[in-house]
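One structure below.
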Amino acid sequence: MMTSQEDLFPGTRRALLHRIAVAQAEGRTPSLVAAVVRDGRAVWYGARTSVDGHGPDENVQYRIGSITKTFTAVLVLRLRDEGILDLGDPLEKHLPGTGAGEATIAELLAHTSGLAAESPAPWWERTPGSLRPELSDVLGEQPFRHPVGRRHHYSNPGYTLLGALVEELRGAPWEDVLRREVLEPLGLSRTSGRPSSPHAGGWAVHPWADVMLPEPAEDLGRMAPAGQLWSTTGDLAKFAAFLMHGDDRVLSAESVGEMRTPAAPAEPADLADGVTYGLGLQIRHGDGRRLAGHSGSLPGFLANLTFSVDDDVAAVVLTNCTSGLLPAAVSADLIRIVAEAEPRIPEPWRPLPEVEPSVLELAGQWYWGTQAFVLRLTADGGVSLEPLGATGRRSRFRANGDGTWTGLEGYYAGEVLRTVRRPDGSVSHLDLGSFVFTRQPYDETADVPGGVDPEGWRGIK
């Protein structure tokens, strides 16, 4: 990934540096490194450190904790795209005998499996993985805390099971599969299961005094797919670009888009914070911006990768302290700084290629009952249906190649839009999941369910 600091205006670069400097100082962390990605490549790197004359660069490794889960989710989605599994399959179908097999693969990805948040004591993040050599050691005697599929409950053991699933279906260790199928194709040469110099050491900073304590860096063993990886801002900048745009060598743009689509019901506290969860990605809404990504923490390290698809901007923040700052907030601010100071330049308007007359004649105003909508043709060959007033359901639709379209979002996601024609070939109405859209409110010439009063519209006599 080519990088040019000159891609951003000097004022923008200074604002980014100021934000991470405040974070490092107020968060009292030994060091903090960050990156910003725009238009698919890194355009800024920054670092702040408590060591004079030393600034870690984009090649210094930090532990990234649960950002590892996003990598594991990518491996699972690859298995789905190859037809080896379905996300609706129960785990038992592919990995029998775990005691948690009733949960589906999608539920494990979205943390709706009902599994416990953590493995049984002792605290797995500060003890050797050799203490938990088997999946039964990770799950314990009572692995479930909630009914399967009923609520979002973040589960580290759930991603351990997904890593074991990858190993079972690929016939190789999780880290070997990850290296072969994701790290090498994307050029992430500084991402690994164990630290490789140069790397930062993990520290705990005393909450009430400016002194530090080194944290242990344990090999997590079976728990590795939930939080083992070490990486750099350089590598995670590339990974962020992949999560925004896809890469057919790893996952298509459609599949990474599925990862950042909400798949779990939000808990009340999450609703207040505007947070939901997709398939291996957290989704947040705030300040009019939709953000996706993942945070990570292990003793001695905090990490965050966040991106805004609409702005085509991503940010990575890595630091080597156990607590004291919120990297997700810093990442969101870095994105906001760039998006507001240097807003994305839209692509030039271009006319559509040749359009079928039978499709073009559908463009314009339609009515569902008395509510006005407009149907537009979109550049990708689909259509959009939007209310003309302040309220109403809206959706984009993908062309199916047979004169019908399938909804992509909102209430109409998955619903089929089709044109109903009269015997003479003229358009009678649009049918959308049994809803009838007509050219005039309750058009008496169309097949409106329940019929239209023959006396027509009238005032009060």
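Answer yes or no: is there a residue in the range 225-248 that is surrounded by 16 or more Cβ atoms within 10 Å (Cβ to Cβ), assigned by TED's automatic domain parsing to the domain that holds D310, aromatic (F, W, Y) and outside any strand (DSSP E or B).
Yes: the range 225-248 contains one or more residues that are surrounded by 16 or more Cβ atoms within 10 Å (Cβ to Cβ), assigned by TED's automatic domain parsing to the domain that holds D310, aromatic (F, W, Y) and outside any strand (DSSP E or B).
Select, from L75, L91, the only residue that is modelled with pLDDT of 95 or more, surrounded by 22 or more Cβ atoms within 10 Å (Cβ to Cβ), of a type outside the set (D, E) and under 16 Å from T191 (Cα atoms).
Going through L75, L91 in turn, just one is modelled with pLDDT of 95 or more, surrounded by 22 or more Cβ atoms within 10 Å (Cβ to Cβ), of a type outside the set (D, E) and under 16 Å from T191 (Cα atoms): L75.
Can you tell me which of (1) buried (at least 22 other Cβ atoms within 10 Å of the Cβ); (2) over 29 Å from the mean Cα position of the chain (by Cα); (3) of a type outside the set (S, T, N, Q) is the one P133 doesn't meet?
(1)
If I filter the range 287-301 down to residues being of a type in the set (G, A, S) and more than 14 Å from L325 (Cβ to Cβ), which single residue comes out as modelled with the lowest pLDDT?
Within the range 287-301, the match that is modelled with the lowest pLDDT is G288.
Cβ contacts < 7 Å: first residue among the basic types (K, R), restricted to the range 437-461; second residue not in a loop (DSSP other than H, G, I, E, B), any location; separation 6+ or different chain. Result?
Filtered contacts from the range 437-461: R439/W366.
Select, from G401, G433, G381, the only residue that is in contact with a helix residue (DSSP H, G or I) (Cβ under 8 Å, 6 or more places away or on another chain), modelled with pLDDT under 95 and under 23 Å from E254 (Cβ atoms).
Testing whether each residue is in contact with a helix residue (DSSP H, G or I) (Cβ under 8 Å, 6 or more places away or on another chain), modelled with pLDDT under 95 and under 23 Å from E254 (Cβ atoms) leaves just G433.
What residue, of L281, L298, is buried (at least 20 other Cβ atoms within 10 Å of the Cβ), closer than 23 Å to R41 by Cα and assigned by TED's automatic domain parsing to the domain that holds R126?
L281
If you take the residues of the range 387-398 that are of a type in the set (G, A, S) and surrounded by fewer than 16 Cβ atoms within 10 Å (Cβ to Cβ), which of them is nearest to E415 (Cα to Cα)?
Among residues in the range 387-398 that are of a type in the set (G, A, S) and surrounded by fewer than 16 Cβ atoms within 10 Å (Cβ to Cβ), the one nearest to E415 (Cα to Cα) is G392.
Which of the residues spanning the range 236-257 are in contact with a strand residue (DSSP E or B) (Cβ under 9 Å, 6 or more places away or on another chain) and not small (G, A, S)?
L236, K238, F239, F242, L243, M244, V256
Please find, within the range 330-358, the residue that is nearest to V420 (Cα to Cα) out of those that are at pLDDT 95 or above and hydrophobic (A, V, I, L, M, F, W, C).
A339
Just to be sure before I move on: is G293 in a strand (DSSP E or B), on the phi > 0 side of the Ramachandran plot and in contact (Cβ under 8 Å) with a residue 24 or more places away in the chain in the structure I sent?
Yes, satisfied.
Would you be able to say whether some residue in the range 19-33 is within 26 Å of P185 (Cα to Cα) and at pLDDT 95 or above?
The answer is yes; a qualifying residue exists.
The values are calculated or read from the model by the stated rules, or taken from the named source; none is laboratory data. Just so it is clear, the structure is predicted and the values come from calculations on it, not from any experiment. Backbone-built Cβ (ideal geometry, glycine too); neighbour counts: all protein chains shown.
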